[in-house]
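The values are calculated or read from the model by the stated rules, or taken from the named source; none is laboratory data. On a predicted model such as this, the values are computed, not experimentally measured, just so you know. Neighbour counts are summed over all protein chains in view; Cβ atoms, including those assigned to glycine, are modelled from backbone coordinates with ideal geometry.
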Amino acid sequence: MGRGQWHARNEPLLDGPAGRLTLGVAFSAARVVVVVRGELDSFTAPELGGVLAGLADRGHRSVVLDLAECDFVDPAGLRVIADSAAHLAL
């Protein structure tokens with residue numbers, strides 16, 4: 001992660017390249033919700049991958065990936081999601 005702190009859902013965690021991606025994270029007792037807004041592509045997917053890896057490293061396993069406000073996902077974005085599913089319950 002390296003660039004910021006964990007924030008509530010309504011505050012951006014990371015603003016990706018040229019503002020194309022915003023990630024938010026909310027914690028509850030049972031799970032973590034990661035909100036993805038914008039474009040998830042080869043330029044921005046590493047940002048999501050870093051957040052998901054950070055959650056796994058901290059022992060979080062139950063993660064909801066909220067893509068309702070995600071405008072676009074390319075194969076690089078799908079790969080990050082699929083790879084993360086091996087470590088998290090997405």
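Observations, loosely collected:
- Residue match in region 3-17 (condition: at pLDDT 85 or above and within 12 Å of the chain's Cα centre (by Cα)): no
- Meets criteria (at pLDDT 90 or above, out of contact with any Leu (no Cβ under 9 Å at 6 or more places or on another chain) and not in a strand (DSSP E or B)) for Gly50: no
- Among the residues of region 18-47, those identified as among the hydroxyl-bearing types (Ser, Thr, Tyr), in a loop (DSSP other than H, G, I, E, B) and at pLDDT 90 or above are Ser42, Thr44.
- Test: residue in region 60-76 that is surrounded by 15 or more Cβ atoms within 10 Å (Cβ to Cβ), assigned to a helix (DSSP H, G or I) and not aromatic (Phe, Trp, Tyr): yes
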